[in-house]
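Report on the following structure.
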Amino acid sequence: MVATPIGNLGDMTVRAVDVLRSVPLVAAEDTRLTRRLWARYEIKTRLISYHAQSGPARERELLEHLGAGRDLAIVTDAGTPLVSDPGAELVSAWVARGGRVVPIPGASAVLAALVASGLPAARWTFEGFLPRRGRERRELIERMCGDERTSVLFEAPGRAAATLAELAVRCGGERRAALCRELTKLHEEIWRGSLAELAARAADNDPRGEIVIVVGGRERGSEEPKIGLAEGRSEVQELVDKGWSRSSAARDVAQRTGLARRELFREA
């Protein structure tokens with residue numbers, strides 16, 4: 001499992017280059033992007049594609065390669081394989097067979113953003129990409145806002161402003177945060193401030209490129225954030241639409257938010 005640069009090709013490690021030159025085969029998320037590394041470091045190793053849309057046949061092919069006693073290196077477009085990138089199924093299958101998995105560490109957008117954010121880095125949690133909508137997204141954000149640890153998450157271009165606005169509402173606009181974009185690249189930029197400040201800045205100037213958001217943890221002893229009554233009633237209605245009784249839905253939302261069950265029971 002070979003980590004590759006997240007932007008600046010100079011961040012490739014000597015060990016990673018040696019490994020990629022020495023193995024007989026490299027499975028790459030996007031062979032076109034990986035060939036840039038091949039050109040920069042004069043790597044001649046054969047490439048084969050392996051990505052999220054690769055079917056079972058490709059996984060079997062790679063497992064047969066490994067089963068024959070030959071080494072295989074896995075790389076993704078940027079950073080460390082398996083961290084919000086494909087490869088987990090192949091690794092799990094190989095481990096289940098008793099195979100050996102060797103990590104070749106290197107660049108990490110998660111760690112780069114964490115140490116550049118100015119927020120506490122001793123204890124933290126990584127959430128990857130948030131669900132785009134629905135109850136799963138709300139519940140994950142609620143847990144994150146109530147966590148005393150610093151949280152790190154990825155966001156897609158064009159969605160950062162909306163996510164920051166939602167975080168400001170649920171976690172509190174005063175919560176400290178940072179938005180890191182295009183880390184290690186020519187246009188690297190780091191915004192620091194409160195969630196309210198970052199949300200307002202992103203609304204006026206929607207950040208582009210690869211984005212990592214870092215959110216400070218809840219201060220010990222402070223109250224956990226609660227959503228408003230209108231939003232709580234909306235959550236109740238969503239559960240009712242899925243087949244819950246209104247009474248059960250109101251009880252569930254009340255337990256999670258601290259809102260009054262009697263008020264939640266009323267239709268919006």
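The values are calculated or read from the model by the stated rules, or taken from the named source; none is laboratory data. This structure is a prediction, so every number in the text was calculated from the model and none was measured. Methodologically, a virtual Cβ is constructed for each residue, glycine included, from the backbone with ideal geometry; neighbour enumeration extends over all protein chains shown.
Per-structure values
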read-out	value
Pick from region 122-137, criterion farther than 15 Å from residue 153 by Cβ and outside any helix (DSSP H, G or I), ranking: nearest to the chain's Cα centre (by Cα)	133
Test: residue in region 217-228 that is farther than 18 Å from residue 137 by Cα, surrounded by 18 or more Cβ atoms within 10 Å (Cβ to Cβ), more than 19 Å from the chain's Cα centre (by Cα) and not aromatic (Phe, Trp, Tyr)	yes
Single unsatisfied condition, residue 140 versus (1) surrounded by fewer than 18 Cβ atoms within 10 Å (Cβ to Cβ); (2) part of a loop (DSSP other than H, G, I, E, B)	(2)
Any chance residue 243 is surrounded by fewer than 16 Cβ atoms within 10 Å (Cβ to Cβ), modelled with pLDDT under 85, farther than 25 Å from residue 123 by Cβ and not assigned by TED's automatic domain parsing to the domain that holds residue 159	no
Residues of region 144-169 classified as among the charged types (D, E, K, R) and in contact with a strand residue (DSSP E or B) (Cβ under 9 Å, 6 or more places away or on another chain), total	4
Region 1-15, residues that are assigned to a helix (DSSP H, G or I) and closer than 20 Å to residue 210 by Cβ	9, 10, 11
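Per-residue answers, yes or no, for (1) surrounded by fewer than 18 Cβ atoms within 10 Å (Cβ to Cβ); (2) not in a loop (DSSP other than H, G, I, E, B):
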{"site": "51", "(1), (2)": "yes, no"}
{"site": "58", "(1), (2)": "yes, yes"}
{"site": "62", "(1), (2)": "no, yes"}
{"site": "70", "(1), (2)": "yes, no"}
{"site": "81", "(1), (2)": "no, no"}
{"site": "84", "(1), (2)": "yes, no"}
{"site": "92", "(1), (2)": "yes, yes"}
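A quick yes/no check of all residues on (1) at pLDDT 95 or above; (2) buried (at least 18 other Cβ atoms within 10 Å of the Cβ); (3) in a helix (DSSP H, G or I):
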site: 180; (1), (2), (3): yes, yes, no
site: 184; (1), (2), (3): yes, no, no
site: 191; (1), (2), (3): yes, yes, no
site: 209; (1), (2), (3): no, no, no
site: 233; (1), (2), (3): no, yes, yes
